[in-house]
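Contents: one structure, followed by commentary.
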Amino acid sequence: MLNKHRLMVPGPTPLPPGVTAAATLPMADERTPEFAEVFTRVIRRLQHVLGTGNDVLMLTSSMTGAFESAVQNLFSPGERVLVLDNGLFGRRWVDMCRAFGLEVTELGAPWGSEIEPAAVADALAADPGITAVLCVHCETSTGVVNDIRSCAAAARSARGPGDGVLVVVDAASGLGACELRTDEWGVDVVVGGGQKALMTPPGMSFVSVSERAWRRQAEARLPRFYFDWSAAALAGRAEIPRTAWTPAIGVLVQMDAALAHLLDEGVEAALERHVLLGRMARGGFLGMGLRLLTPDRDANASVTAAYTPPGIDAERLVRHLADRFGLQMVAGSGAMADRIIRLGHCGYIDPLDIVTALAGVELSLHAMGAPVQPGAGTASAIQVLAHRGPGRLPQGALIALAADHTEENHA
Ligand SMILES: *Cc1c(COP(=O)(O)O)cnc(C)c1O
């Protein structure tokens, strides 16, 4: 049977047609005034999405590279940092900081739980030598969105006058899908990139850098070259603004188109849409009788993770979905790989995409012998869509809604 390819993973994500079309434009020279217009517009648009007046530096790398740039530019060997770790990406930043010779204090929470902001305050109070907090906005491995506003507030109030504790946020899969207000919340450095909610092919990443972060950068002694923020800033201030080295030119052009698409919808409207998509995904999984790893909270709007039914291997389910329906989802990460299925819904995704994905999941589970009634999950999601758009369903109410459905199915 013909199957359309349906990409429903938390990065890379589907492209709006205008973004795909932008890839067919002739190659440009990035040193021209014409390209500088595109380049500076991308930065202006990113500042808007980030809610910041800070510098935004464009880097040619995946987002892990941009995070590495933050470590190299902000710290000196042996410096003490606090890394919040409640999933795969928190873990990655712990490992990265140690690889660069930093002294890392880990503040963990179980996978599927949020980091407690009060624990951030305690950890900072316990060690006055800690100079920065590194945290993950949306922990893509579990779908949990951390309370960055409160974590940043804890960091801000942890020290007396002076520059205090820097706040560095990995906003890879959250930015454009979940609320993040860089300046209002006092976030010094945000790391992001194109291939999640920003609907752009992979290849370009970016960092926003506060005044405070620039002061640290001037004193930091870790070696840096390709990712030297000073080089990026210098090139950005040239008469014809540009990147320090050759960027992924085509990807920048596509990012410009993608950001136009996002701003056309409106950042706030996009966030609301993602809240609805998250509700539908959770309602759908619950409706088909699955247990959620991603808690039923509106904040968790970018990716939804659920446990597979007993006896169903998640990797096999992912294979089945791809082979049978052309639907690309992803299993869990790390130790949870065989027990978790993740539905990515950040970026160019609409409510009916969620219904389709859920239909695939329940059909595959049914075919694999799991006790799932085809239609139960999609019915729950459609109920959410029909009656309970954003702002109308109290948090946690999906569990009750889905329980109703499950009982109906079994009656
Ligand atoms: C996708 C992602 C990254 C970056 O991954 P790259 O493959 O390096 O682009 C970092 N953090 C989180 C939370 C992510 O979801």
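The values are calculated or read from the model by the stated rules, or taken from the named source; none is laboratory data. These numbers were taken from a predicted model, which means no experiment stands behind them. Here Cβ is always computed from backbone atoms with ideal geometry, including for glycine, and neighbour counts include all displayed protein chains. Heavy atoms of the whole protein, side chains included, go into the accessibility calculation; ligands, DNA and RNA do not. Shrake-Rupley method; radii C 1.70, N 1.55, O 1.52, S 1.80 Å.
One table, with the values for the structure above:
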quantity	calculated
Rounded to the nearest 10 Å², the accessible area of Arg216 at probe 1.4 Å	40
Net +/- balance of residues flanking Leu50 in space, Cβ distance below 10 Å, scoring K and R +1, D and E -1	+1
Rounded percent of accessible protein surface that carbon and sulfur make up, segment 246-294, 1.4 Å probe	54
Normalised alpha carbon radius of gyration of segment 28-158 [divisor 2.2 N^0.38 Å]	1.20
Taking the chain and dividing mean pair separation by its residue count, relative contact order in percent (alpha carbons under 8 Å, at least six apart)	21
Protein-only accessible surface order, largest first, of Asp163, Asp264 at 1.4 Å	Asp264, Asp163
Residue-normalised accessible area of segment 18-263, given per residue in Å² at a 1.4 Å probe	37
Förster-model FRET efficiency, 30 Å R0, Glu184 and Arg291, C-beta, rounded to 0.05	0.25
Förster-model FRET efficiency, 45 Å R0, Arg159 and Arg44, C-beta, rounded to 0.05	0.85
Arg156, Arg279, Arg291, reordered so the largest accessible area comes first (probe 1.4 Å)	Arg291, Arg156, Arg279
Highest-fluctuation residue, Gly174, Gly334, Gly377 considered, GNM on the chain with Cα pairs under 10 Å	Gly334
At least 18 Å along the helix axis (C-alpha) and Kyte average at least 0.0, DSSP helices within the chain	33-50, 249-265, 267-287, 351-367
Alpha carbon Rg of segment 18-263, scaled by the compact-globule rule 2.2 N^0.38 Å	0.98
At q = 0.11 Å⁻¹, base-10 log of I(q)/I(0) for the chain (Debye sum, equal scatterers on each alpha carbon)	-0.81
Segment Arg319-Asp95, length gained on full extension (0.36 nm per residue, minus Cα span)	77.6 nm
By accessible area with a 1.4 Å probe, ligands and nucleic acids excluded, highest first: order of Ser208, Ser157	Ser157, Ser208
Length added when fully stretched, Thr246-Asp122, from 0.36 nm per residue minus Cα-Cα	40.3 nm
Shape of segment 1-87, Cα gyration tensor, a/c cut at 1.5	oblate
Share of Cα-Cα pairs in segment 280-353 lying beyond 14 Å, as whole percent	60
